[in-house]
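The values are calculated or read from the model by the stated rules, or taken from the named source; none is laboratory data. Everything quoted here is computed from the prediction, not taken from an experiment. A quick note on method: Cβ atoms are made from the backbone with ideal geometry, for glycine too, and the neighbour counts reach across all protein chains shown.
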Amino acid sequence: MENKKQKALISFKKARSSLDKIIKMTESDEYCIKIMQQNLAVIGLLKSANQTIMENHLGSCFKDAMSSSSDAKKDEMIAEILKVTKMSK
């Protein structure tokens, strides 16, 4: 699972670097479409990182909660997943 976290971290760092570039492009009054293309690339990186983190969560935390004997723990985990998936729409 550590590999997935590393993959997400790389995406976050790339997104941060690209955001710095977007800020400079905007401050320099560069062509709007170029800025939008860079912005969409950042959005893609963040979506990819989010997907990777979700996969990791489902394979570890969620899986552990579902194998628990505690119904409250299971319900809490399901509620968390639903909340996060609603936020991503």
Considering residues of segment 1-29 that are part of a helix (DSSP H, G or I) and among the small types (Gly, Ala, Ser) only, the residue nearest to residue 43 (Cα to Cα):
15
Determine if segment 29-46 includes at least one residue that is acidic (Asp, Glu), more than 20 Å from residue 87 (Cα to Cα) and free of Cβ contacts under 8 Å to residues at least 60 places away in the same chain.
yes
Of the residues that make up segment 41-50, is at least one at pLDDT 95 or above, more than 12 Å from the chain's Cα centre (by Cα) and surrounded by 11 or more Cβ atoms within 10 Å (Cβ to Cβ)?
yes
Restrict the check to segment 51-67 and report whether at least one residue is outside any helix (DSSP H, G or I), surrounded by fewer than 16 Cβ atoms within 10 Å (Cβ to Cβ) and of a type outside the set (A, V, I, L, M, F, W, C).
yes
Could you tell me how many of the residues in segment 1-29 are among the polar types (S, T, N, Q) and either within 15 Å of residue 55 (Cβ to Cβ) or loosely packed, with under 11 Cβ neighbours inside 10 Å (or both)?
4
Do we have residue 32 as more than 12 Å from the chain's Cα centre (by Cα) and loosely packed, with under 14 Cβ neighbours inside 10 Å here?
yes
